[in-house]
Amino acid sequence: MRLSTRVAALCVGLFVSHHAAAAELPQRWVSAGGALSEWISALGGESKLVGVDTTSQHPESLKALPSIGYQRQLSAEGILSLRPQILVGTEEVGPPPVLSQVRSAGVQVELFSAQPDLPTLQGNLQHLGKLLGAEDQASQVFQIYQRQLDQQKIRVTRAQLKEKSPGVLLLLGHAGGKPLIAGKDTAADWLLQQAGGHNLATHTGYKPFSVESLVSLDPEMLVFADRALTGDAARAALFKENPILSSTRAAKDGRVMELDPTLLVGGLGPRLPAALEKLSDAFYPGSAGQ
Amino acid sequence: MTILVKPRALFVGLILLCVLAIWLSLALGPVSLPLFDTLRAALRLVGVPIAPDGLEQAELILGQIRLPRTLLGLAVGGVLALSGVAMQGLFRNPLADPGLVGVSSGAALGAAIAIVGGSVFGGLPESFGPYLLSLCAFLGGLGVTALVYRLGRRNGQTNVATMLLAGIALTALAGSAVGLFTYLADDATLRTLTFWNLGSLNGASYSRLWPLLLISAGVALWLPRRAKALNALLLGESEAGHLGIDVERLKRELVFCTALGVGAAVAAAGMIGFVGLVVPHLVRLLAGPDHRVLLPASVLAGASLLLFADLVARLALAPAELPIGIVTAFIGAPFFLYLLLRGRA
């Protein structure tokens, strides 16, 4: 009985998918990309998601969906077992043979750029809106987003008239231990710049740092993103594992703040403007809340 | 060493096990296909004319996903186990594994160059890009092994002990080079590298499969012909020489077959540990050290073990997938321990 129900479900699934592709929009979505899943939810498509990858952590409810694994190590049969009509992901998804296998099974595969700039986001949102049948909503969401980022720029420019931009280091760590410092060409660097901070690290990528050079840079502000812990526990672990940090100006002035590490992957996400506002409020305490 | 199983019984058992593994590997997966559909699709794939109604899905999954994957598992498992026997015979040490002559670390270095360097030389043509990793891994494995072999030679003689030490030194050297690339890598390439080091049969496609199938078939046909020579080598190098074996040639062949076979396997599926070390052991514990049995039996056992491990890898976390290197060690090591302890009691 159970077997025959499955056959029936499979046949119906195939039947539906064949007909739906021509006339209707895809109804069963698999998303392999954190920011993309967030945008799909923001555009009201969360109920259409039947599976997400491990980078899709927001909104919280997505964690209840079946996980298709890491976006670069997808499994063709695993994805097909969710009977999706469409697979969306950033250009990082792979491996390539798996994508072509999924495609040849009749699943629409749509890839999006994860470039952190507004024109890319606009293109991505339009595309998603079309696929979700929510084009108006998508352009509305984009306009609001653009306005928020414009306001952010104004906020930073204004604040910089009154206050000096602080020298910042961003520490990415796991339960406090051996943090990596975010250098140039990282999403973290972009984030710090947008918030009006001056990244003191001049290397490229995320690299471990010797404590000495950390102290010699003497940051006025520390931002930390911890993958394992959050809140006070993460802060305590960071200072416990790296006691030298307490001697920096940032620690003495109590200018240490936390950042959600999921903001650092997958391009511009919907939570970004709020995070930027929080960052620049901390960078420019004299102009906060304006 | 006592023989627990007679060779004939062992072969019958292993062939049955291998057939079972192939069948399960084709029949099971995250997509639950009805048994009858699987059978009909399989018949269609081998050319039996059956009406294709409602079979598109089954045929696609069987023909394009599960069959190449099964073939890949068979070839990789078989050739890794076989190379393990060759290395343990060459070094006359049951702790030897294909990594000793540097083929694994060389392949890892090649892969690291391809993965990290590939993002630097981003301008590669689309069609070549996917093969760069496999090619680099293969050439890296071959290159480092050739160097190890060269270092072990003096006055026309290959000193196995020197080769072993040279292998250790070059493995360490390659390891530090991989470490350097790891340091240079960005987040995304780092994860690719990590996953590659754990191996996977995922995403097998025919275009990548053929070179491996040819090489592993060649190695699997050639090495068993040298079983008697390997048996003689067990007595010692000079003893084997007195028995009329061209020991230098045998060593050369063993190293070459291992480099070729493991290089191709690693290039196709990434690093899969444990199989090469332990499968020969398992077979030896069951059937004794005679290479005439050991070589072919290890092929069958290695292939079956890898297919079973792959089943776990693809089913345990479905729809996501585990790297197979985790599974081979996880199911193999306790089983090996059990055999060891039982042998002692």
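Below, the figures for the structure above:
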item	result
For B:T162: the one exception among (1) without any contact (Cβ under 8 Å) to a residue 60 or more places away in the chain; (2) within 14 Å of another protein chain (Cβ to nearest Cβ); (3) among the β-branched types (V, I, T)	(2)
Members of region A:199-220 that are within 14 Å of chain B (Cβ to nearest Cβ) and in contact (Cβ under 8 Å) with a residue 24 or more places away in the chain	A:Y206, A:K207, A:P208, A:F209
Residues of region A:78-102 satisfying the condition of being buried (at least 24 other Cβ atoms within 10 Å of the Cβ) and either touching an Asp or Glu at 6+ places or on another chain (Cβ under 7 Å) or acidic (D, E) (or both)	A:G78, A:V88
Out of A:Q152, A:Q137, sole residue that is in contact with a helix residue (DSSP H, G or I) (Cβ under 6 Å, 6 or more places away or on another chain), of a type outside the set (K, R) and more than 14 Å from chain B (Cβ to nearest Cβ)	A:Q152
Answer residue from region A:265-286, given it is within 14 Å of chain B (Cβ to nearest Cβ) and not aliphatic (A, V, I, L, M) and is surrounded by the most Cβ atoms within 10 Å (Cβ to Cβ) among those	A:G266
Residues being within 14 Å of chain B (Cβ to nearest Cβ), at pLDDT below 90 and in a loop (DSSP other than H, G, I, E, B) - total across region A:1-48	2
Residue satisfying condition, being out of contact with any Ser or Thr (no Cβ under 8 Å at 6 or more places or on another chain), more than 25 Å from B:I324 (Cβ to Cβ) and in contact (Cβ under 8 Å) with a residue 24 or more places away in the chain, within set A:L43, A:L62	A:L43
Every residue from region B:143-184 that is under 24 Å from B:G261 (Cβ atoms) and charged (D, E, K, R)	B:R150, B:R153
Filter result for B:L230 (surrounded by 21 or more Cβ atoms within 10 Å (Cβ to Cβ), away from chain A (no Cβ under 14 Å) and over 17 Å from B:V76 (Cβ atoms))	yes
Residue check, B:L82 hydrophobic (A, V, I, L, M, F, W, C) and either out of contact with any Ser or Thr (no Cβ under 7 Å at 6 or more places or on another chain) or modelled with pLDDT of 90 or more (or both)	yes
Those helices (runs of 4 or more DSSP H) lying entirely in region B:7-122 with at least 1 residues polar (S, T, N, Q) and more than 14 Å from chain A (Cβ to nearest Cβ)	B:67-90, B:103-120
Residue that is nearest to A:L169 (Cα to Cα), among those in region A:206-232 that are touching a strand residue (DSSP E or B) at 6+ places or on another chain (Cβ under 8 Å) and assigned to a loop (DSSP other than H, G, I, E, B)	A:P219
Residue check for B:G63: under 26 Å from B:G288 (Cα atoms), free of Cβ contacts under 8 Å to residues at least 24 places away in the same chain and surrounded by 15 or more Cβ atoms within 10 Å (Cβ to Cβ)	no
B:A185 within 14 Å of chain A (Cβ to nearest Cβ) and either out of contact with any strand residue (DSSP E or B) (no Cβ under 8 Å at 6 or more places or on another chain) or at pLDDT 90 or above (or both)	yes
So B:L213, is it more than 14 Å from chain A (Cβ to nearest Cβ), farther than 19 Å from B:S83 by Cα and out of contact with any His (no Cβ under 7 Å at 6 or more places or on another chain)	no
Residues located in region B:145-196, provided they are part of a helix (DSSP H, G or I) and touching a Lys or Arg at 6+ places or on another chain (Cβ under 9 Å)	B:Y149, B:V160, B:T162, B:M163, B:A166, B:Y183, B:A188, B:R191, B:T192, B:F195
Residue that is farthest from the other protein chains (Cβ to nearest Cβ) [pool: residues in region A:49-77 that are of a type in the set (S, T, N, Q) and buried (at least 24 other Cβ atoms within 10 Å of the Cβ)]	A:S56
Residue within region A:152-165 that is closer than 22 Å to A:M257 by Cα, surrounded by 16 or more Cβ atoms within 10 Å (Cβ to Cβ) and touching a strand residue (DSSP E or B) at 6+ places or on another chain (Cβ under 6 Å) present	yes
Checklist (1) under 21 Å from the mean Cα position of the chain (by Cα); (2) in a helix (DSSP H, G or I) applied to B:N202, failing item	(2)
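Okay, residues lined up against (1) farther than 24 Å from A:D185 by Cα; (2) of a type outside the set (S, T, N, Q):
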position	(1), (2)
A:S41	yes, no
A:S47	yes, no
A:A64	yes, yes
A:S81	yes, no
A:L87	yes, yes
A:Q108	yes, no
A:L111	no, yes
A:A114	no, yes
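The values are calculated or read from the model by the stated rules, or taken from the named source; none is laboratory data. As the structure is a computational prediction, the values presented were derived from the model and not from experiment. So basically every Cβ, Gly included, is an ideal-geometry build from the backbone, and we count neighbours across all protein chains shown.
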